[in-house]
Amino acid sequence: MPPASGDGADRPSSSSSSGQDDPVATVKKRNKPQYTHFTQQELPACKPLLTPQMVIPVLVLVGLIFIPIGLACIAASNKVVELVYRYDTKCVPRNMLHNKVAYVQNPSIDKTCTRIFKVPKDMQKPIYIYYQLDKFYQNHRRFVRSRNDLQLRNPKKAKDTQYCGPEAAANGGGRRPVVPCGLRAWSLFNDTYSFARGNQTLRVSKRGISWRSEREHRFGRHVYPLNFQNGTLIGGGQLDPSKPLSEQGDLIVWMRTAALPTFRKLYGKIDVDLRAGELVAVTMHNNYNSYSFDGKKSLVLSTAGWLGGKNAFLGRAYLVVGMACSLLALLLTLLCVVFPMSVTETTRSNPPYFFFPSRIVAHRFFC
């Protein structure tokens, strides 16, 4: 019978193919990498065996380091003297408590509020003055984008109000650009504070409340406010048109975006020591409209330590981690004492295996 179609009769002989080079094989040989430990992933690696003799000393060392650091941080935080007074509701007349927005928007109402504070402990200079706002989302995307960085540092870009809407031009017109433009500058905090101790007025210094990098790089020395707060709706504070933006410390501090809805911003400093038991009269001008978004306003007087202001979180975090490591080291030590295991017993027993692709890793613990 004749051979079927496609059988070995139609195939080329081996002798004819042996005399020709296979192009596929040639390409494979040509692309074959040079044999090295790096290309074959045979480089030496450290594969430590985590035994209790290794883990327990490390945990003890971490505990011995972290616990003293945590105690030192907590002690530094406790030395900071801090006074916090919320005044957004206490400085509103009783007959206007039902309509706080109308109170703050009425320019004919006197918004001056005076309170007497008693210093609980000695406060050494400088005493930092902060204002604290709650429920104010400065990190909102629309609020963050409503500014123009080129306009803030370059006087030739005064008319560049891109991304500044809806506060880009005075009275909504395009011919009168606002400098600085945007919602962030328009909503500038405008509450003011003054302090007195008896008959002595305590001077509030605004020098150095902003960062040097911001004054020199983000806000121009030759950029002056223009058409600021000249619209029909006033958002916040005013700026001195005779001072460049690099000298407007309150604006620079306000333009720094806060990450959380509750934040503090530096208002000024008092370069006078206050003794425990002294009475300080604080006169507050409650002008900022935090009632529209149900926000809170507070005045904060604080000293500073070698770690900054009063904040016990860092010390507590170090302390918790150090105590956890110490307790874990103690627990492992008790387990090794109560349930001792020799090397031969551990080798004979079946250790727990964890399966990974193309390998099996066995973890053995020796006490």
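The values are calculated or read from the model by the stated rules, or taken from the named source; none is laboratory data. A quick note: this is a predicted structure, and the numbers were derived from the prediction, not measured. No Cβ is skipped: glycine too gets one built from the backbone with ideal geometry, and neighbour counts run over all protein chains shown.
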How about the stretch 124-180: which of its residues are modelled with pLDDT of 90 or more and among the hydrophobic types (A, V, I, L, M, F, W, C)? Ile127, Ile129, Leu133, Phe136
Which of the residues spanning the stretch 132-164 are farther than 30 Å from Ser302 by Cα and among the basic types (Lys, Arg)? Arg141, Arg142, Arg145, Arg147, Arg153, Lys156, Lys157, Lys159
Could you say whether any residue in the stretch 152-173 is part of a loop (DSSP other than H, G, I, E, B), in contact with a Phe, Trp or Tyr (Cβ under 6 Å, 6 or more places away or on another chain) and either at negative phi or surrounded by 18 or more Cβ atoms within 10 Å (Cβ to Cβ) (or both)? yes
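Residue by residue through the stretch 244-261, note down the ones that are in a helix (DSSP H, G or I) and either more than 18 Å from Asp191 (Cβ to Cβ) or of a type in the set (Lys, Arg) (or both).
Leu245, Ser246, Glu247, listed by residue number.
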For the stretch 222-237, what are the residues that are at pLDDT 85 or above and loosely packed, with under 13 Cβ neighbours inside 10 Å? His222
Residues being β-branched (Val, Ile, Thr) and free of Cβ contacts under 8 Å to residues at least 12 places away in the same chain - total across the stretch 88-112: 1
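From the list Phe117, Phe136, which residue is in contact (Cβ under 8 Å) with a residue 12 or more places away in the chain, more than 28 Å from Ile252 (Cα to Cα) and surrounded by 16 or more Cβ atoms within 10 Å (Cβ to Cβ)?
Working: Phe136 fails: more than 28 Å from Ile252 (Cα to Cα).
Phe117 is the lone residue from the list that is in contact (Cβ under 8 Å) with a residue 12 or more places away in the chain, more than 28 Å from Ile252 (Cα to Cα) and surrounded by 16 or more Cβ atoms within 10 Å (Cβ to Cβ).
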Here are some conditions: (1) assigned to a helix (DSSP H, G or I); (2) modelled with pLDDT of 90 or more; (3) surrounded by 12 or more Cβ atoms within 10 Å (Cβ to Cβ). Val104 meets all but one. Which one does it not meet? (2)
Given the conditions (1) under 26 Å from Ile209 (Cα atoms); (2) modelled with pLDDT under 90; (3) not hydroxyl-bearing (Ser, Thr, Tyr), every one holds for Val81 apart from (2)
Among the candidates Leu279, Leu314, Leu260, Leu251, single out the residue that is aliphatic (A, V, I, L, M), surrounded by fewer than 14 Cβ atoms within 10 Å (Cβ to Cβ) and out of contact with any strand residue (DSSP E or B) (no Cβ under 9 Å at 6 or more places or on another chain). Leu260
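Take Val92 and decide whether it is crowded, with 18+ Cβ neighbours inside 10 Å and modelled with pLDDT of 90 or more.
Details: crowded, with 18+ Cβ neighbours inside 10 Å: yes; modelled with pLDDT of 90 or more: no.
No: the conditions fail for Val92.
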Every listed condition ((1) within 16 Å of Val92 (Cβ to Cβ); (2) in a strand (DSSP E or B); (3) not small (Gly, Ala, Ser)) holds for Arg264 save (1)
Residue count, the stretch 107-128 (criterion: touching a Ser or Thr at 6+ places or on another chain (Cβ under 8 Å) and not in a loop (DSSP other than H, G, I, E, B)): 6
